[in-house]
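The values are calculated or read from the model by the stated rules, or taken from the named source; none is laboratory data. Not measured: the values here are computed from a predicted model. Positions of Cβ are generated from backbone atoms using ideal geometry, with glycine treated the same way; all protein chains shown enter the neighbour counts. We work out accessible area using only protein heavy atoms, side chains counted, and drop any ligands, DNA or RNA first. Shrake-Rupley method; radii C 1.70, N 1.55, O 1.52, S 1.80 Å.
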Protein chains: 2
Amino acid sequence: MSLRNALLALLTARPLTAYDISKQFGASVGYVWFAPDSQIYPQLRRMEEEGLVEATELPSEGRRTKREYRITDEGVRAFREWINAPASHQRERSVHHLRAAYLEWAETDEARRNMERHIAFYREQLAQWEAQRAALLDRSSPTLAARLAGSPPEQHERIVAFKVFTYDGLIERARSEIAWAERGLELIEEMAAEPTPAPVHARA
Amino acid sequence: MSLRNALLALLTARPLTAYDISKQFGASVGYVWFAPDSQIYPQLRRMEEEGLVEATELPSEGRRTKREYRITDEGVRAFREWINAPASHQRERSVHHLRAAYLEWAETDEARRNMERHIAFYREQLAQWEAQRAALLDRSSPTLAARLAGSPPEQHERIVAFKVFTYDGLIERARSEIAWAERGLELIEEMAAEPTPAPVHARA
DNA sequence: CAAGTCATGTAACGCGTTACATGATTGG
DNA sequence: CCAATCATGTAACGCGTTACATGACTTG
């Protein structure tokens with residue numbers, strides 16, 4: 001359900017082709033909600049059938065024709081409905097924490113490598129989120145520019161403020177994941193030993 | 001793939017029926033990896049076919065027969081393999097951050113209510129994670145007791161340490177979600193205004 | 001002339017969610 | 001006697017992941 005809203009969100013800024021969108025999912029919005037091509041193309045088709053978006057074929061001789069998607073009034077309505085709907089919270093489901101809880105079963109080397117992977121991943125994310133935040137503040141993001149161009153100037157501050165706030169949250173999350181995994185590395189060293197043996201009750 | 005490992009993890013402590021497991025998923029492990037009954041029962045059956053677990057029918061006159069699941073050596077192997085395998089990190093996909101990024105589209109009231117929901121949810125999670133952490137430290141968790149009973153005493157410290165570390169991460173996460181949403185509430189008040197109008201490019 | 005990027009997908013599969021089904025026993 | 005708890009599931013549906021397919025044009 002959220003891919004749909006991520007797509008609508010993007011299209012509220014300006015009309016785009018599925019290809020453009022999929023590039024954006026590889027960057028900007030993709031840093032908040034990622035989706036691969038294989039989800040984007042069919043989802044846009046379905047949204048077209050539902051009347052949330054409209055496509056215009058832009059023929060360009062030789063090349064395959066592009067389809068430019070534009071949000072409809074109904075799409076805007078649906079998007080607004082989603083944003084105002086009560087947010088539902090799912091119960092926790094974190095693979096990394098699950099793994100961490102049973103680290104006594106791991107080889108010290110592999111445990112260390114996995115913590116390092118965790119740190120590397122979030123350092124990467126952190127860099128991108130910080131770059132994105134900076135691009136919002138100095139208005140160098142093209143999506144933001146298009147969005148601001150299509151909305152009244154008295155709204156500009158709010159629009160930017162909420163996006164910066166979003167990235168602030170993600171940046172904080174990245175930092176705390178990094179700090180956590182660094183403590184994890186220390187703990188692994190402290191506890192370095194053979195992994196636990198199989199429990200007595202296991203059966204061959 | 002992780003439900004399977006969460007189940008194996010639980011069964012390394014002691015044999016359990018699907019019903020017991022599903023209770024645990026509503027509490028202890030469920031605070032790290034949640035799953036409903038409708039996933040647990042069929043998954044255990046599949047794992048039985050794969051030879052990762054073995055079931056013993058415990059007939060009790062009158063009542064429906066319980067099936068007690070016990071991890072097999074192959075199950076232990078599979079679990080160890082998972083814990084040592086390189087952790088794969090998915091790209092970000094956070095509904096709440098997605099929503100936050102487009103809060104200029106929301107009604108102030110609804111935006112506020114959703115932030116309050118976010119805070120309430122994580123306060124609840126925080127309380128449970130803190131309780132869980134305390135239960136580990138004072139050894140009052142029954143699953144932990146069973147696990148420690150089935151493993152050599154020199155391992156006990158490690159076993160507890162990794163679990164405490166896990167909950168520390170979750171507790172930190174909950175705190176930062178709460179702090180973020182509290183800043184969100186302030187921002188919503190500061191920015192209180194009519195939601196943005198529909199963009200000029202939308203089509204009826 | 002090869003690699004990359006433009007442009008659009010399909011197909012298969014597993015995971016997760018929600019709702020529903022069934023029936024016995026135990027406790028207030 | 002009614003609600004909760006014990007005990008086990010099925011069915012339908014949508015979301016997400018991975019891998020693959022196709023073909024033209026552009027840049028080094």
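Do the conditions hold for residue B:110, that is, is it of a type in the set (D, E, K, R), under 18 Å from the mean Cα position of the chain (by Cα) and at the interface with chain A (Cβ under 9 Å from one of its Cβ atoms)? It is false that residue B:110 is of a type in the set (D, E, K, R), under 18 Å from the mean Cα position of the chain (by Cα) and at the interface with chain A (Cβ under 9 Å from one of its Cβ atoms). Taking the range B:152-200 as the range and being assigned to a loop (DSSP other than H, G, I, E, B) and open to solvent by 30 Å² or more (accessible area, probe 1.4 Å) as the test, the residues that pass are B:152, B:192, B:193, B:194, B:197, B:198, B:200. When residues in the range B:132-151 are screened for being within 16 Å of residue A:97 (Cα to Cα) and open to solvent by less than 20 Å² (accessible area, probe 1.4 Å), 1 of them pass. A single entry from A:16, A:3, A:10, A:44 fulfils the requirement of being touching a Leu at 6+ places or on another chain (Cβ under 7 Å) and either away from chain B (no Cβ under 14 Å) or within 12 Å of DNA strand D (Cβ to nearest atom) (or both): A:44. Per this entry, residue B:67 is not counted among residues that are assigned by TED's automatic domain parsing to the domain that holds residue B:135 and surrounded by 15 or more Cβ atoms within 10 Å (Cβ to Cβ). Within the range B:14-29, residues that are under 19 Å from residue A:92 (Cα atoms) and open to solvent by less than 10 Å² (accessible area, probe 1.4 Å) reach partners that are not polar (S, T, N, Q) and not in a helix (DSSP H, G or I) with beta carbons closer than 7 Å, at six or more positions or on different chains, in the pairs B:25/B:34; B:25/B:35. Quick one: is residue A:77 more than 16 Å from DNA strand C (Cβ to nearest atom), free of Cβ contacts under 8 Å to residues at least 24 places away in the same chain, over 21 Å from the mean Cα position of the chain (by Cα) and open to solvent by 10 Å² or more (accessible area, probe 1.4 Å)? When the stated conditions are applied, residue A:77 passes them. Assessment of the range B:2-22 against the conditions (away from DNA strand C (no atom under 16 Å from the Cβ) and part of a loop (DSSP other than H, G, I, E, B)) yields at least one matching residue. Restricting the search to the range A:28-70, which residues are more than 7 Å from DNA strand C (Cβ to nearest atom) and part of a strand (DSSP E or B)? Hits for the range A:28-70 are A:33, A:53, A:54, A:55, A:56, A:57, A:58, A:68, A:69, A:70. Within the range A:82-110, being within 16 Å of DNA strand C (Cβ to nearest atom) and over 22 Å from residue B:90 (Cα atoms) holds for A:82, A:85, A:86, A:87. Residue count for the range A:144-166, restricted to those that are among the hydroxyl-bearing types (Ser, Thr, Tyr) and either more than 8 Å from chain B (Cβ to nearest Cβ) or over 19 Å from residue A:32 (Cα atoms) (or both): 1.
Conditions tested, residue by residue: (1) assigned by TED's automatic domain parsing to the domain that holds residue A:139; (2) small (Gly, Ala, Ser); (3) at pLDDT below 95; (4) more than 30 Å from residue A:181 (Cβ to Cβ).
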site: A:9; (1), (2), (3), (4): no, yes, no, yes
site: A:25; (1), (2), (3), (4): no, no, yes, no
site: A:28; (1), (2), (3), (4): no, yes, yes, no
site: A:33; (1), (2), (3), (4): no, no, no, no
site: A:39; (1), (2), (3), (4): no, no, no, no
site: A:62; (1), (2), (3), (4): no, yes, yes, yes
site: A:77; (1), (2), (3), (4): no, no, no, yes
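The single condition among (1) in a helix (DSSP H, G or I); (2) exposed (fewer than 15 other Cβ atoms within 10 Å of the Cβ) that residue A:118 does not satisfy is (2). The residue that is farthest from residue A:147 (Cα to Cα), counting only those in the range B:176-202 that are in contact with a Ser or Thr (Cβ under 9 Å, 6 or more places away or on another chain) and among the charged types (D, E, K, R), is B:189.
Here is a yes/no grid of residues against (1) farther than 28 Å from residue A:169 by Cβ; (2) of a type in the set (A, V, I, L, M):
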residue	(1), (2)
B:83	yes, yes
B:112	no, no
B:116	no, no
B:122	no, no
B:127	no, yes
B:143	yes, no
B:170	no, yes
